[in-house]
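First comes the structure, then the notes that go with it.
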Amino acid sequence: MTEPAYRGRLAPTPTGRLHLGHALTFRAAHERCRQAGGTLVMRNEDLDLARCRPEYFDAALADLRWLGMDWDEGPEMGGPHAPYRQSERTGCYRAAWERLRGSGLIYPCRCSRKDLQRAAQAPHEDGGEALYPGTCRPDAPGGLDPRDWPDEPGIDEVCWRFLVPDGKGVEFEDGGFGRQRFAAGRDFGDFVVWRRDGVSAYELAVVVDDAAMGISEVVRGADLLLSTARQILIYEALGLSRPLFFHTPLVRDGEGRRLAKRDRAASIGSLKEEGYSAGQVLAMARERTMLEA
Ligand code: GLU
């Protein structure tokens, strides 16, 4: 049997300039795809139009080209899976939402941010984010009767959450970090798949797109390991086969802290302006790698 063709993707979110962490991740994604003789997809993850800016996407493409990368499908050149802009793919996310709603695997949640803060249990590893306390689960006193569920997402002041099977183990073999094991309900709680403001959440959109675009391996930063575990539950719920995963190490700033998007000093654009070469920027990203996820 022949191996299915390798399809990878580069998926920047245009809310700011790319930094050294992106350089490392995108470089790994590019290299792994080219070594496998595969096809590389560029996808504009501009789901949240209120926070995304087209200039940032253009700048991301320019930075990646400057770093020596190219791709085969994307918003500028099209391809068999167009559109490659998430803001133009709402219909696909909506269809997935309908399937999940129909199978009872998601439910509407009326909790406000304040309610969640009040109910917060001890902050968890998940970036300090507390687990959802389950207030609006269908079988909880605060839950809406399924007969009263809105039949459209993004209306009636509710967000939609994935009903995670408490205690279920989620395992995957990561190409970069080896075997990963998480427990639903302990490492992460019921997560949002459709936001109250009417926009599909990242976790749902990215699964729908990676599956629709035939991505065979997802290369992303280690800050998304828990997201990968959540997404595996969505793949299963939608009956989709999951891709392989390869997480790349996080990158530190000059003081050894984890890089943040607002850290201008580490932006590829400012390093380029300061006169660093592409090779030097990539070497700097590799040197500042954090060993642990
Ligand atoms: N768009 C995401 C980001 O820029 C990456 C998503 C992913 O790799 O799934 O962080």
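The values are calculated or read from the model by the stated rules, or taken from the named source; none is laboratory data. Nothing here was measured: the structure is a model prediction, and the numbers come from that model. Neighbour counts are summed over all protein chains in view; Cβ atoms, including those assigned to glycine, are modelled from backbone coordinates with ideal geometry. Remember, those area values only see protein heavy atoms, side chains included, never the ligands or the DNA or RNA. Shrake-Rupley method; radii C 1.70, N 1.55, O 1.52, S 1.80 Å.
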Dipole-positive endmost among Pro141, Pro108, Gly185 within segment 105-211 (Cβ charges, Cα centre): Pro141
Surface accessible to a 1.4 Å probe, per residue, for the residues of segment 14-130, Å²: 50 Å²
Heavy-atom accessible surface of the chain: percent carbon and sulfur, 1.4 Å: 49 percent
Three-way shape call for segment 36-163 based on the alpha-carbon gyration tensor, with the a/c threshold at 1.5: prolate
Selected from Leu233, Tyr93, Pro12, residue furthest toward positive end of dipole (the chain; charges at beta carbon): Pro12
Bridge type composition, segment 113-216 - antiparallel percent by DSSP, nearest 5: 90 percent
Given 13 as the ceiling on other Cβ atoms within 10 Å, longest exposed-site-free region of the chain for trypsin sites (Lys or Arg not before Pro) in DSSP loops: 52-167
Length gained when the stretch Gln117-Ser270 is fully extended (0.36 nm per residue, less Cα-Cα span): 51.3 nm
Between 0 and 90°, nearest 10: helix 20-35 axis offset from the chain longest Cα axis: 80 degrees
Shape category assigned to the chain from the gyration tensor of Cα positions, a/c cut at 1.5: prolate
Cysteines having no other Cys beta carbon under 4.7 Å from their own, within the chain: Cys33, Cys52, Cys92, Cys111, Cys159
Segment 44-96 shape via C-alpha gyration tensor axes, a/c threshold 1.5: oblate
Using alpha-carbon coordinates, inclination of helix 90-102 to the longest axis of the chain, degrees: 40 degrees
DSSP bridge orientation in the chain - percent antiparallel, rounded to nearest 5: 55 percent
Folded to 0 to 90 degrees: helix 278-287 orientation relative to the chain principal axis, Cα: 50 degrees
